[in-house]
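The values are calculated or read from the model by the stated rules, or taken from the named source; none is laboratory data. Keep in mind it's a predicted model, so treat the numbers as computed, not measured. Because the Cβ atoms are built from the backbone with ideal geometry, glycine has one as well, and the counts that use them run over all protein chains shown. These accessible areas exclude ligands, DNA and RNA; they are computed on the full protein's heavy atoms, side chains included. Shrake-Rupley method; radii C 1.70, N 1.55, O 1.52, S 1.80 Å.
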Amino acid sequence: MATNQFEAWPLTHEQREIVKLCRDFAEKEIRPRGREVDEADVVTPVDIFQKAAQVGITDFMIAEEFGGGGMTDVFTQCLVQEELCWGDPGIGNLVCSNGFFSDPLMALGTAEQKEKWLRPLTGTTPLMTALATTEPGSGSDAASIITTATRVAGGYKINGQKAWISNAGAADQYVVFAKTDRNERSKGVTAFLLTKDTPGFTWGEPMKKMGQRAIVCRELFFDDVFVPEENRLGDEGQGFYGLMETFDISRAVLGAAAVGAARAAYEYALEYARTRKQFGKPIIEHQAVAFRLADMATRIEVSRLMVLNTARAIDAGVNATGMAAMAKLTASETAMFVTHAAVQTLGGWGYSREYPVEQWMRDVKLEEIEEGTSDIMRLVISRNLG
């Protein structure tokens, strides 16, 4: 099986070039730092983010008119994310995290807002960003958030709390979702833009995580945080629409991240099986191991096809909510299966921190949780059947 080839897809010259660039960057810059960053626990590897910016990886998905690389299609984002997360899931997701901030801005923002907030994310010294939705009492149910944005003279005052926000504290720019109408669910959600130095806006200590420690998560606190009306994204009540559009894209991209991590674990286990001997022969010649590797390879290939097909649908303007949920569900559960199988293939060594597969197993668990848990994905799929 060709686990990292896209020859079956009609890629442009530019797409092939950025895939090669990201593959090389993942091999030379990301993979060697994975264990170090994992053991550091709560340190954002800003130096890797900056190196990625210098070669154009952090802003490739931003339109040329705002200074980015102009490869705004979701298909290319998925190609890139798979390669980067092959290097390390946490670092790979960090490197392209500004794309998650950009999506609601592109969906809801005015031309002036896009120029003001996207331009600083381009070039060789970009700012970092964060998307703030999740709250202590509302995870996947984004319509139930209780952080409020109350209209005052010239804008809004935001009060409330967010939790598990990636890049919180390290990020300079934030998209924050809050209720402008507490009596409504989804129709009461509005999106706002703010910077980290806004008075009344603070954050907590880094949250201790099981994996993907390259992305530091914290709680955010809003105490009468004033946001001028010009920093509202779209009209009041449009925030949930922008968030759902963002979710379709991010679920496809995170599916690609899961495929990349699964591919890394499969390749590592395959090489180990070819070289490790048990009972006088390489363990790949034992039927149980060979069949396990066959299952790993098959599930990865299925997941990649689902992710890229979903990306094509989104780029074509098709309503891909159900497809995106299917792709994320399949890819994330595949990544969990494959990393578990890799640990099993390595036996006791797979359980040791001397080898990377145990870290990858911890890392990919997040893919079954973020942007909607697997249970939520099944609910979304059931609502979009037919």
**OP:** Would you tally the residues in the range 187-199 being more than 13 Å from Leu127 (Cβ to Cβ) and either among the charged types (D, E, K, R) or surrounded by fewer than 15 Cβ atoms within 10 Å (Cβ to Cβ) (or both)?
**Re:** 2
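Answer with yes or no whether Asp224 is surrounded by fewer than 24 Cβ atoms within 10 Å (Cβ to Cβ) and in contact with a strand residue (DSSP E or B) (Cβ under 7 Å, 6 or more places away or on another chain). Don't jump to the end; show me each part of the working.
Numbers: surrounded by fewer than 24 Cβ atoms within 10 Å (Cβ to Cβ): yes; in contact with a strand residue (DSSP E or B) (Cβ under 7 Å, 6 or more places away or on another chain): yes.
When the stated conditions are applied, Asp224 passes them.
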Original post:
Among strands (runs of 3 or more DSSP E) lying entirely in the range 149-257, which contain 3 or more residues that are more than 26 Å from Phe49 (Cβ to Cβ) and over 17 Å from the mean Cα position of the chain (by Cα)?
Top reply: 155-166, 217-228
Original post:
From the list Val289, Val307, which one is touching a Ser or Thr at 6+ places or on another chain (Cβ under 9 Å), more than 23 Å from Cys78 (Cβ to Cβ), surrounded by 19 or more Cβ atoms within 10 Å (Cβ to Cβ) and in contact (Cβ under 8 Å) with a residue 24 or more places away in the chain?
Top reply: Val289
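Yes/no matrix, rows are residues, columns are (1) open to solvent by 10 Å² or more (accessible area, probe 1.4 Å); (2) among the basic types (Lys, Arg); (3) in contact with an Asp or Glu (Cβ under 8 Å, 6 or more places away or on another chain):
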| site | (1), (2), (3) |
| --- | --- |
| Ala311 | no, no, yes |
| Asp315 | yes, no, yes |
| Asn319 | yes, no, no |
| Met326 | yes, no, no |
| Thr330 | yes, no, no |
| Glu333 | yes, no, yes |
| His340 | yes, no, no |
| Gly347 | yes, no, no |
| Tyr355 | yes, no, no |
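Tell me whether the range 263-271 contains one or more residues that are in contact with a helix residue (DSSP H, G or I) (Cβ under 8 Å, 6 or more places away or on another chain), of a type in the set (Gly, Ala, Ser) and within 22 Å of Thr134 (Cα to Cα).
Taking the range 263-271 first, the residues in contact with a helix residue (DSSP H, G or I) (Cβ under 8 Å, 6 or more places away or on another chain) are 263-266, 268-270.
Applying the additional criterion that residues be of a type in the set (Gly, Ala, Ser) yields 264-265, 269.
Cutting the leftovers down to within 22 Å of Thr134 (Cα to Cα) gives us none.
No, there is no match, as no residue in the range 263-271 is in contact with a helix residue (DSSP H, G or I) (Cβ under 8 Å, 6 or more places away or on another chain), of a type in the set (Gly, Ala, Ser) and within 22 Å of Thr134 (Cα to Cα).
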**OP:** Of the numbered conditions (1) at positive phi; (2) open to solvent by 10 Å² or more (accessible area, probe 1.4 Å), Gln212 fails exactly one; give the number of that condition.
**Re:** (2)
Original post:
Of the residues Lys179, Lys162, Lys157, which single one is touching a residue at least 24 places away in the same chain (Cβ under 8 Å) and either in contact with a Cys (Cβ under 9 Å, 6 or more places away or on another chain) or surrounded by fewer than 21 Cβ atoms within 10 Å (Cβ to Cβ) (or both)?
Top reply: Lys157
Original post:
Which residues, taken from the range 294-307, are touching a helix residue (DSSP H, G or I) at 6+ places or on another chain (Cβ under 6 Å) and of a type outside the set (A, V, I, L, M)?
Top reply: Arg299, Ser303, Arg304
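I'm checking my understanding of the structure. Among residues of the range 126-148 that are part of a strand (DSSP E or B) and within 19 Å of Ser374 (Cα to Cα), which one is modelled with the lowest pLDDT? If you could, list the steps in order and put the result at the bottom.
Within the range 126-148, the first condition is being part of a strand (DSSP E or B), and the residues that meet it are 129-132, 135, 138, 148.
Filter once more, so that each one left must be within 19 Å of Ser374 (Cα to Cα): 135, 138.
Numbers: Glu135: 92, Ser138: 79.
The selected residue is Ser138.
Each row is one residue, and each column tells you yes or no for (1) of a type in the set (Ser, Thr, Tyr); (2) free of Cβ contacts under 8 Å to residues at least 40 places away in the same chain.
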position: Pro199; (1), (2): no, yes
position: Glu205; (1), (2): no, yes
position: Gly237; (1), (2): no, no
position: Ser250; (1), (2): yes, no
position: Ala258; (1), (2): no, no
